[in-house]
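This report refers to the structure that appears directly beneath it.
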C-alpha cells in the first residue's frame with residue numbers, strides 16, 4: 001500500500017511537470033463550459049414581454065394579465081425605458097398604447113421590411129378586441145400544456161445535458177487513457193519499466209498507481225459535470241458505478257498505447273487511431289436508429305454511453321445499469337486478454 005501511495009504521488013508530480021496533468025484538469029472544464037453554454041436558457045422557455053404600465057402609453061391591465069399567463073412580463077413606466085430594454089440582450093417583445101393613433105404598438109427586436117408575421121402580443125390584442133366587441137366568437141389564440149403524442153416519450157431533461165453529459169464522461173475516459181499511455185511510454189524511455197524487475201514494486205502496483213490520478217480526475221469531473229449540466233436529480237450512485245467499471249476501458253487502452261508505442265510520437269499515433277474508433281462508436285450510438293445499435297455492441301464505450309444516457313434522463317434501474325456496466329467491464333477485460341501478450345512484450349516485461 002505504501003508503494004502504491006508513493007507511485008500515486010510520483011505520478012501527480014510528473015504529470016504536472018510535463019503539463020499533462022494541467023491539460024487533464026483544464027481541457028475538461030473548457031468542454032463543460034461549452035456544453036453548459038448550449039443548455040436552453042430559462043428565458044427561452046416562454047415568451048418575454050416589455051410593457052408600459054404607466055402614463056398615457058399604459059397598456060390595459062386586463063391585457064397585461066393575459067400576457068402574464070403565457071410568458072414573463074416586465075413593466076416599464078415610459079416608452080424610453082421600454083426601448084432601452086429592447087436594445088439589451090435577450091429576445092423580447094415590446095408593447096405600449098399610442099393615444100394619438102388610438103391603437104397599440106407592438107415592437108420586435110429585428111423585423112424585415114417584408115415581415116408580415118404577427119407578434120404574440122398583437123395576436124392577443126386582436127383577441128381582446130374580438131372579446132370586447134364580438135363576445136360570441138371563439139378564442140383565436142389558445143395555449144395548451146398538453147404534450148403532443150409524438151413527443152410523449154421525451155423527458156424534461158435537455159438532450160444537450162443527457163447526451164452531452166454521457167459523451168463528456170466517455171471522452172474523459174478516452175483522454176485519461178491517452179495520458180496514461182504516454183506516461184508509460186515516457187517511463188519506458190527512461191528505463192523505469194525495466195527497473196521494476198529489481199525493485200520491491202510489483203508491475204500491478206505500478207500500473208494501478210499510474211491509474212489512480214486519472215481515475216480520480218474522471219470521477220471528479222463526472223460529479224462536477226452532473227451539477228454544471230443541471231443533472232443533479234439523477235441517481236449519483238448509479239453514475240459512479242458506471243464510471244468506475246468503465247474506467248477498465250481506459251486502463252486497457254492506456255496499457256495498449258504504452259505497450260505498442262516505441263516512442264511518444266508512435267504512441268500518439270496509436271492513441272489517435274484508437275480514439276477515432278471510440279469517437280466513431282459514440283457518434284454512431286447518438287445518430288443511428290435503435291435497430292442498428294447491434295453493430296456497436298462489441299465496443300465497451302457503447303455500453304458505457306448507453307447506461308449513462310439512461311441515468312441522465314432518469315429512466316434507469318439498478319438491474320439495467322449493473323448489467324450494462326458489467327458488460328463494458330467484461331468486454332474491456334476480454335480485449336486485454338486478447339492483447340495481453342503483445343502488451344507485455346511491448347512493455348519489455350516477462351509474463
- In segment 260-276, what residues are surrounded by 13 or more Cβ atoms within 10 Å (Cβ to Cβ) and part of a helix (DSSP H, G or I)? 260, 264, 266, 267, 268, 269, 270, 271, 274, 275
- Task: Please indicate, with yes or no, whether at least one residue in segment 24-35 is in contact with a strand residue (DSSP E or B) (Cβ under 8 Å, 6 or more places away or on another chain), modelled with pLDDT of 85 or more and surrounded by fewer than 19 Cβ atoms within 10 Å (Cβ to Cβ).
- Result: no
- What single numbered condition from (1) more than 18 Å from the chain's Cα centre (by Cα); (2) in contact (Cβ under 8 Å) with a residue 24 or more places away in the chain; (3) closer than 19 Å to residue 25 by Cα fails to hold for residue 243? (1)
- Task: From (1) farther than 22 Å from residue 220 by Cβ; (2) assigned to a helix (DSSP H, G or I), pick out the condition that doesn't hold for residue 251.
- Result: (1)
- What pairs come up if the first residue lies in segment 213-226 and is closer than 17 Å to residue 36 by Cα, the second is outside any helix (DSSP H, G or I), and their beta carbons are under 7 Å apart, counting only those six or more places apart or on different chains? 226/232; 226/234
- Message: Restricting to segment 66-96, give me the number of residues that are modelled with pLDDT of 85 or more and out of contact with any strand residue (DSSP E or B) (no Cβ under 9 Å at 6 or more places or on another chain).
- Response: 1
- Consider residue 338 against the criteria (1) in a helix (DSSP H, G or I); (2) out of contact with any helix residue (DSSP H, G or I) (no Cβ under 7 Å at 6 or more places or on another chain); (3) modelled with pLDDT under 90; (4) over 23 Å from residue 224 (Cα atoms): it satisfies all of them except one. Which criterion is unmet? (3)
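Listed here are the residues, each with its yes/no results for (1) modelled with pLDDT of 80 or more; (2) buried (at least 18 other Cβ atoms within 10 Å of the Cβ); (3) touching a helix residue (DSSP H, G or I) at 6+ places or on another chain (Cβ under 8 Å).
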site	(1), (2), (3)
164	yes, yes, yes
167	yes, yes, yes
170	yes, yes, yes
173	yes, yes, yes
176	yes, yes, yes
183	yes, yes, yes
197	no, no, no
206	no, yes, yes
- Among the residues listed as 99, 138, the single one being modelled with pLDDT of 65 or more, surrounded by fewer than 16 Cβ atoms within 10 Å (Cβ to Cβ), assigned by TED's automatic domain parsing to the domain that holds residue 48 and over 16 Å from residue 47 (Cβ atoms): 99
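The values are calculated or read from the model by the stated rules, or taken from the named source; none is laboratory data. Please read these numbers as outputs of a predicted model, since none were measured by experiment. Every residue, glycine among them, receives a Cβ derived from its backbone with ideal geometry; neighbour counts consider all protein chains shown.
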